[in-house]
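The values are calculated or read from the model by the stated rules, or taken from the named source; none is laboratory data. Being a predicted model, the structure only gives us computed values, none of them experimental. Glycine gets a Cβ as well: all are built from the backbone with ideal geometry, and neighbour counts include every protein chain shown.
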Amino acid sequence: MGVTSLHDLARRMAAQAIAAVDPERLVRDELQRRMALGTRFEAVLAVGKAAAGLARGTRSIFAHSPRRLLIRAHSSPALLDPGWEQMSGGHPFPDRQSLAAGVRLYEWLSQIHPAHTLLALISGGGSACVELPAAGLTVDDLAATQRALLRVGLPIDRINTVRKHLSALKGGGALVSTPGRVVTLILSDVPGDDPSTIASGLFAADPTTYEDALAALSTLAGLGNLAVLKAVRRHLEAGARGEIPETVKPGDPALERVENTVIGNAATAVAAVAGEARRQGLLTLEGNLGGEAAAAGRELVARGRALEGERVALVWGGETTVALAQGGTGRGGRNGELALAAAGALRERTSEGKAEGPREVVLALATDGEDGATRTAGALVDGGAWGAMLRAGIDPAAALARHDSLPALTAVPDALLHTGTTGTNVGDLAIYLRG
């Protein structure tokens, strides 16, 4: 397998990963099974980055016309179907349109008849694009809090612990706002596929507490932005004292009305990539992706090199984090940072730009096509990428230290991945190939 075909294989694997988690097909297959059993839905809700694709999966399924509401992120695809009421909101931070969508959703859910069943199609991005702040808080309070928590690199489950305790919809709030039964089909974008974390658990029990949310907020100490979050802290402290009701907890009677089912996740995409690698005759291992992005990139290369054989593949799925220092202005997403760190590790097997030993590539992919605010989906690098940056007058080590991966990778021909918004969302993939 030559170097060109190795790059081509990596790109083909990225396309296969996205195709494997096509929300339209996943919903259609699941609904066909359920409808064959006589299941009937009187209302359908689609929420998140993949809302349009999830909604398309219901076409030709229903013999009747249920009430339908779709709420998506501004940047995600719209649905060209007048049968759906549609709204959009901000991402990754809620905005005024998110608030309008939250007010509408709360009203819409309350109108469902107790004898009817709601089909809720949930995908990542729902934590931001639809929001209804708890009493005494504003959408600006919530956006400032989430912006601060993301900057310190807090894992998504802890960020969502805070989100749930600042919202009237999250942490099961949407469930208690409707009297009907609820069946949720979930496209998971979080490690572990916990329904209480995906879209901050609109229809799921929340095992976390106000005390847990305060502990997560404490990671912001010393960053100089606590004054902005004063109202948020007061709210959480009141909840911890028992002055504000908790989110829906396991064992709550309302949970008897809901069924949560994950229909696609990072493992679905990983399995598709691994299957292609094995068809190509590569020794293939699968694993979970997590932790700090740069460290994950270096570890991916190290573990890939530890595999025996000349033709190998290591495929990981999940989500990493990037912790920005106070005042940091680095340009790049977590996948770009992973790829940049991997390029440094791959460089160790080159000398004066000439490869020593087997060719290697690393691909890092955001399955939604949005790696942070970069308008790219990630990057594909090999042992020559580091040298290409140096020749372009860029110090890649310095760029990595200041989380400035986008300008560095832009200097490498064909390194950046441009998929456009994919219409799906199951987190990230990282692939190491040697051939």
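The table below lists the values:
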| read-out | value |
| --- | --- |
| Residue that is exposed (fewer than 15 other Cβ atoms within 10 Å of the Cβ), out of contact with any Lys or Arg (no Cβ under 7 Å at 6 or more places or on another chain), of a type in the set (A, V, I, L, M) and part of a helix (DSSP H, G or I), where the choices are 231, 238, 267 | 238 |
| Criterion (out of contact with any helix residue (DSSP H, G or I) (no Cβ under 7 Å at 6 or more places or on another chain), on the phi < 0 side of the Ramachandran plot and charged (D, E, K, R)) met by exactly one of 163, 151, 181, 158 | 151 |
| Hey, residue 93 crowded, with 18+ Cβ neighbours inside 10 Å, farther than 18 Å from residue 423 by Cβ and in contact with a Ser or Thr (Cβ under 9 Å, 6 or more places away or on another chain) or not | no |
| Search result, residues across segment 293-307 that are surrounded by fewer than 18 Cβ atoms within 10 Å (Cβ to Cβ) and either modelled with pLDDT under 95 or part of a helix (DSSP H, G or I) (or both) | 295, 298, 302, 303, 306 |
| Scan of segment 276-289 for residues that are touching a residue at least 40 places away in the same chain (Cβ under 8 Å) and either assigned to a strand (DSSP E or B) or not charged (D, E, K, R) (or both), ordered by number | 277, 280, 282, 288, 289 |
| Tally, over segment 132-181, of residues that are among the polar types (S, T, N, Q), under 21 Å from residue 97 (Cβ atoms), surrounded by 21 or more Cβ atoms within 10 Å (Cβ to Cβ) and modelled with pLDDT of 95 or more | 1 |
| Filter result for residue 184 (surrounded by 21 or more Cβ atoms within 10 Å (Cβ to Cβ), among the polar types (S, T, N, Q), within 21 Å of the chain's Cα centre (by Cα) and part of a helix (DSSP H, G or I)) | no |
| Leading residue by the ranking (farthest from residue 124 (Cα to Cα)) among those in segment 83-102 that are small (Gly, Ala, Ser) and not in a loop (DSSP other than H, G, I, E, B) | 100 |
| Residue 215 being under 27 Å from residue 107 (Cβ atoms), of a type in the set (A, V, I, L, M, F, W, C) and surrounded by fewer than 20 Cβ atoms within 10 Å (Cβ to Cβ) | no |
| Residue within segment 373-384 that is at pLDDT below 95, within 17 Å of residue 13 (Cα to Cα), crowded, with 19+ Cβ neighbours inside 10 Å and over 23 Å from the mean Cα position of the chain (by Cα) present | no |
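To keep it simple, each residue is scored yes or no on (1) touching a Pro at 6+ places or on another chain (Cβ under 7 Å); (2) surrounded by fewer than 24 Cβ atoms within 10 Å (Cβ to Cβ); (3) not hydrophobic (A, V, I, L, M, F, W, C).
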{"site": "38", "(1), (2), (3)": "no, yes, yes"}
{"site": "42", "(1), (2), (3)": "yes, yes, yes"}
{"site": "45", "(1), (2), (3)": "no, no, no"}
{"site": "55", "(1), (2), (3)": "no, no, no"}
{"site": "61", "(1), (2), (3)": "no, yes, no"}
{"site": "77", "(1), (2), (3)": "no, yes, yes"}
{"site": "82", "(1), (2), (3)": "no, yes, yes"}
{"site": "87", "(1), (2), (3)": "no, yes, no"}
